Amino acid sequence: MEIAVQWVRTSWTKESRGGEAAARRNAAPAGFVLPQPEAASAHVVRMDERDGFAPFGTQADIRTVDVLLREADGRLRVLPRVQPLFGQPPRRRRPPAVRLAPGQWVRWQLNYRFSSAAGIRGWSYWLDTFNIAYGPVNPDVFLSTPTVFVDEQGPVR
């Protein structure tokens, strides 16, 4: 069965925590139209504060995406990896993996915050959005409402 994977990472600093910059960041899409896929590839989109949150998309080997995918009993088990552990804001216990039936898709969001080891630089932040569809899909599938939405974001203060 086909699996469509899109990994969207949005990166920012405290400069985008309020005002116009935060409005631009919050307006950034969580899903994009899928390009023509290559075999066993994922659509990887990066949006960074330095570029005004303009999306930059590439394709990468599906094994490089931080998500565990396993097909069994006609369903797809989806569970993003949490990495790096030192970048996690406080969160509740992790939710269980999602099991998708053919034709379903999940949007799973995780956030992170980082500081330099010496505390010289300010905080920086990531938001990882994993859009995963099971079965044949249209290229615009991730522009619609997901079958399952998992918000695993913690407070970033």
Tell me what the chain gives for mean residue ellipticity at 222 nm when only DSSP H runs of n ≥ 4 count, each as -39,500 (n - 2.57), the sum divided by the residue total, rounded to 500 deg cm²/dmol.
-> -1500 deg cm²/dmol
Likely footprinting exposure, Asp73, Asp48, fewest C-beta neighbours within 10 Å first | Asp73, Asp48
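Can you work out the FRET efficiency for the pair Val82 and Lys14, with r the C-beta to C-beta distance and R0 = 22 Å, to the nearest 0.05?
The computed FRET efficiency comes out at 0.45.
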Go from 0 up to the bin containing the longest alpha carbon distance in the chain, width 10 Å each, and give me the % of pairs per bin.
-> 10, 39, 35, 14, 2, 0
Exposure-ranked with fewest Cβ neighbours within 10 Å first, Phe53, Phe32, Phe149, Phe142 stand as Phe149, Phe32, Phe53, Phe142
Stretchable slack from Arg46 to Arg94, in nm (0.36 nm times residue separation minus alpha-carbon distance) | 14.8 nm
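FYI, it's all coordinate maths here, none of it is from the lab. Because the structure is a prediction, the values reported are computed rather than measured. Cβ atoms come from the backbone with ideal geometry, glycine included; neighbour counts cover every protein chain shown.
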